[in-house]
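Worksheet: one structure, shown below.
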Amino acid sequence: MSMTTENGVSESMMPVWEQPDDEKSFWMQDRMHFPYPISRMEDDLARITLGSGLNRAHELYDVPARMEARRFWTYHYATMKPLDLPREEMQAMAARSEQKIGDVLGRLDTLWETEWLPEIMDHLMRFRSFDLMGASDTALMTHFEDAVERLRDIWLLHFKIVLPAYLAMSLFEEFYRELFSDISPFRPYQLLQGLDNKTVDTGNALWRLSQKAASSSSIRDIFMLYPVHGVIPALESFPEGHDFLIEFHTFLQEYGKRGETWGLIYPSWIEDPTPVIKNIRDYLSNSSHNPERDQQMLAVEREQLVSEARAALASYPEPVRGQFEFLLAAAQNGIILSEDHGHWIDFQLLNEMRRVMMEIGRRFSAAGVIVVADDIFHLSFEEVRDTARYLPRIDRRELVATRRAEMERYRAFTPPPAVGTPPVGAPPDDPGARSMAKFFGGPPPVSDNPDVLPGSAGSPGVVRGPARVIRDISDAARLQPGDVMVTATTAPPWTPLFATAAAVVTDTGGVLSHCAVVAREYRIPAVVGTGFATQAIAEGQMVEVDGDRGIVRIIRDA
């Protein structure tokens, strides 16, 4: 069987199996983290972070399953395999896992401050203290090997944080519903809103920067009237603009070590500040938006709802009230860490790895074995080692050109959401599995109306507006106030766009996905996990986003 891409290229629906037994596993595409084709090096990275980091965390927490990753049609797929153990052993191990992760829930804030964040800072120090440009080729490759090994420890830390953080939020939501059955679906999450975290800090700092731009008519005019790539040269041309750029670059040093999405291949805001310029322009266009004020309002509402819940529970037995307080604190810490770990690990530390690879790429390019520095990302880690060992005798230019072309060809290809052999029986229904289902979402309900796209309710409210189908963050310049942003997924670097969009619709995700959490913070409706909104909704089409019911309607007569 075959299917045809948007550019008319026919592709086989059957992947090339890497291992003989791969066909017996059930491989699902992770579009939330990898919405685009991934390079050969990013495939290696995914296998380290999942195959080593996640699986070592599963061993630590006694989770009776292991993850494997593959690259089919240049897209990332993964499978979760239960351990081959007798039923009684599996049940006993699952019980130990629940206990081990549960023991961490009450200490999330303490572990973060005393163990996890210090370990992150140690990794950052070790990266940043190395003189990339001044190092010899031999020293640079030794640093590369250390960095690859360091990734394994970093992603063990990543999942040590993530697994209990999301479990805490999920358990609180479930317990709250047991206590208060007649409530809005979003009420439990309102008790977790308005909390400081690095994603919120980034948006607030960017807004403050825009206010400084607004205070000068000359700087404001440059942002509003000049093309994006002309803004910085124009600001450099006069003293007041030069002073503003000092603050602009200070912001980038603090918050700009993030790319379009997860991975190595996308340049950071420091390398290409176009998204930051676009977001400042949007803030200048929407003078009524004040994220700091909005966060304060969310915090006031949160504390009011917490007080009301405590009052309603006053006559309950102490163990019930104690469990509420325990899970509330754990969930609030969990939602903070869900964003803060991403700032430090997924972006700051991955950016350091990107800098290592770009320096090696620069030297390979100077030796003539690749064309430009970022060609390096189309080589595997082992090919990087071999190229360095025999430099300049191994020419990688043709290989890189072939792999670049392959990724570009598959960019228009819609791969199947899953391949392989579906598992027998129902999926697991344990607390950890439910928390991950709320993060990743599940298959959307089937609709018999092509103009109705069901998904998951991500953030409450109903809004109508023209759709802007944003394939990647470079498309964001088309997003205007009042538009509905329709995209495959969002990552933390997209957060300031929520200040511009009237609503958000995604192909992926559940109620605990990044998009849903941020949309609730920005008080805009969101429907997540629609499966194929980016294909079903045309650019500029009027849509209605019903975030309460998790439904998107295409308005044909608008």
Over the stretch 299-367 - Rg/Rh using Cα atoms and the Kirkwood inverse-distance radius: 1.44
Debye intensity ratio I(q)/I(0), log10, the stretch 429-530, q values 0.10, 0.20 Å⁻¹ (C-alpha model): -0.25, -0.96
Hz values of 3J(HN,Hα) by residue in the stretch 488-496 - Karplus curve (6.51, -1.76, 1.60), Gly and Pro given as x: 5, 7, 10, 10, x, x, 7, 3, x
Amide H contacts under 5 Å for Gly441, placed H, 5+ residues apart: Gly510
For the stretch 226-335, alpha-carbon Rg and Dmax in angstrom: 22.1, 69
Separation of alpha-carbon centers, the stretch 470-538 and the stretch 119-198, rounded to whole Å: 22
Inter-part distance where the stretch 376-401 and the stretch 325-352 are each reduced to a Cα centre, Å: 36
Accessible surface of the chain [probe 1.4 Å, protein heavy atoms]: carbon and sulfur percent: 54
Shape of the stretch 82-199, Cα gyration tensor, a/c cut at 1.5: oblate
Cβ-Cβ FRET estimate between Glu303 and Leu179, R0 fixed at 25 Å, reported to 0.05: 0.85
Where the Cα pairs of the chain fall when distances are cut into 10 Å bins, in %: 3, 16, 26, 29, 18, 6, 1, 0
Kirkwood Rh in Å, taken over the stretch 324-402 so that all alpha-carbon pairs contribute: 14.8
Kirkwood Rh in Å, taken over all unlike Cα pairs in the stretch 8-164: 18.2
Share of alpha-carbon pairs per 10 Å distance bin for the stretch 48-120, given as whole %: 17, 36, 31, 15, 1
Separation in nanometres of the label points that stand 7 Å from Cα toward Cβ, at Asn286 and Asp429: 4.0
Semi-axes of the equivalent ellipsoid for the stretch 126-185, Cα gyration tensor, largest first, Å: 47, 10, 6
The chain, dipole about Cα centre (Lys/Arg Cβ +1, Asp/Glu Cβ -1), debye to the nearest 20: 600
Size descriptor, Kirkwood hydrodynamic radius, that averages inverse alpha-carbon separations across the stretch 152-261, Å: 17.9
Solvent-accessible surface ranking, highest first, for Leu225, Leu327 at 1.4 angstrom: Leu225, Leu327
Rounded accessible area per residue of the stretch 43-125, 1.4 Å, Å²: 46
Thr530 long-range amide H proximity, modeled H, under 5 Å: Ser456, Thr506, Asp507, Thr508
Residue among Met407, Phe347, Gln323 farthest towards the positive dipole end of the stretch 321-430, charges placed on Cβ: Met407
In order through the stretch 462-473: 3J(HN,Hα) via Karplus (6.51 cos²θ - 1.76 cosθ + 1.60), integer Hz, x for Gly, Pro: 10, 9, 10, x, x, 7, 10, 7, 9, 6, 8, 5
For Arg56, net neighbour charge (Lys/Arg +1, Asp/Glu -1) across residues whose Cβ lies under 11 Å away: +1
Signed unit charges on C-beta, dipole axis of the stretch 381-447, positive-most listed residue Gly442, Ile394, Gly420: Ile394
Lysine pairs in the chain with Cα atoms under 30 Å, if 8 or more residues apart or on separate chains: 20
Solvent accessible area, Å² - His242, 1.4 Å probe, full protein context: 100
Summed side-chain charge close to Ala94 - residues other than Ala94 whose Cβ falls under 10 Å, Lys, Arg +1, Asp, Glu -1: -3
For Val543, residues with placed amide H under 5 Å, excluding near neighbours: Gly465, Ala467, Ile555
Karplus-derived 3J(HN,Hα), 6.51/-1.76/1.60, for each residue of the stretch 342-347, Hz, glycine and proline x: x, 4, 7, 8, 5, 10
Proximal charge balance of Gly194 [Cβ under 14 Å; K/R count +1, D/E count -1]: -4
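The values are calculated or read from the model by the stated rules, or taken from the named source; none is laboratory data. Computed from a predicted structure; not experimentally measured. Cβ sites come from the backbone with ideal geometry, for glycine too, and all protein chains shown count toward neighbours. These accessible areas exclude ligands, DNA and RNA; they are computed on the full protein's heavy atoms, side chains included. Shrake-Rupley method; radii C 1.70, N 1.55, O 1.52, S 1.80 Å.
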